[in-house]
1. Residues that are under 30 Å from SER184 (Cβ atoms), at least 2 per element: which strands (runs of 3 or more DSSP E) completely within the range 1-103 meet that?
2. Can we say PHE31 is surrounded by fewer than 16 Cβ atoms within 10 Å (Cβ to Cβ) and in the same structural domain as PRO191 (by TED's automatic domain parsing)?
3. Limited to the range 126-164, what total is found for residues that are under 28 Å from LEU35 (Cβ atoms) and β-branched (Val, Ile, Thr)?
4. Which pairs turn up if I take residues in the range 99-115 that are outside the structural domain of GLU166 (by TED's automatic domain parsing) and without any contact (Cβ under 8 Å) to a residue 40 or more places away in the chain and look for partners that are assigned to a helix (DSSP H, G or I) and crowded, with 16+ Cβ neighbours inside 10 Å with beta carbon separation below 8 Å, at least 6 apart in sequence or on another chain?
5. Pairs only if they're at least six apart or on different chains, beta carbon under 8 angstrom, first in the range 140-168 and free of Cβ contacts under 8 Å to residues at least 12 places away in the same chain, second surrounded by fewer than 16 Cβ atoms within 10 Å (Cβ to Cβ) and aliphatic (A, V, I, L, M); list them, first residue then second.
6. Inside the range 109-122, can you point out the residues that are in contact with a helix residue (DSSP H, G or I) (Cβ under 9 Å, 6 or more places away or on another chain) and buried (at least 20 other Cβ atoms within 10 Å of the Cβ)?
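The values are calculated or read from the model by the stated rules, or taken from the named source; none is laboratory data. Just so it is clear, the model here is predicted, and its values are computed rather than measured. Reconstructed Cβ throughout: ideal geometry from the backbone, glycine too, with neighbour counts over all protein chains shown.
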Amino acid sequence: MSEDFTSQGWEPTYQQKDFSIDKQESLYDGFFKMLKLHLTHKTFAGDSISIQRELFYRDDAVCVLLYDANEQVVVLVEQFRVGVFDNPEGPWLLELVAGIVEQGESAEDVARRESEEEAGAQLGEVVSISRFVPSSGGTREYIDLLCASVDSRGVEGIHGLPHEGEDIKVHKIPVDKAFELVKSGKINNAPAMIALQWLQLNKAELDQRWSN
């Protein structure tokens, strides 16, 4: 067994103290940021290496899967996404409710705020799925992934904040159909895929907790 594995599982070979940022340059500073970092870090051979990396810096985000255990549906949202402008099937994706963490907010605060703004939905219990990084090779972003109980009756229509250029359509999808959309590749964005696969694994427990 590798020495990096313990009774608790894998542990990284090195920690924060084993690298340094020697110089940091700002390439762009707007809604998003671009940095150029000059770094030195230890190598697995026991030496050190100096590298330069451009970094797309994004603030922390929250994505939440809305699940109605009584109706056996999930609430997802459809909207235009510039990051897939070259998708042959078009740049509209079926996604989770999501938003950026603002000063002083918890992940659950964001989930509740964004669920009202993007879907007109009030959340019940909120549970954590994971905290993950979507593209660590060149993007600094952490996503808190959540699942929340919701009463989907009356949750419908078009939502979003016009002054932020949002145009969001709500979809209520039978949960088994949502699982099929992941399997077929129709749902192809990471947060929705991860959350729906997690729901598939944990559905029986949530049904017991959230069904009337």
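1. 61-68, 73-80, 92-95, 97-100
2. Spelling it out, it is not the case that PHE31 is surrounded by fewer than 16 Cβ atoms within 10 Å (Cβ to Cβ) and in the same structural domain as PRO191 (by TED's automatic domain parsing).
3. Final tally of qualifying residues: 3.
4. Close Cβ pairs (under 8 Å, with a partner that is assigned to a helix (DSSP H, G or I) and crowded, with 16+ Cβ neighbours inside 10 Å) do not exist here.
5. none
6. Selection gives ALA121 alone.
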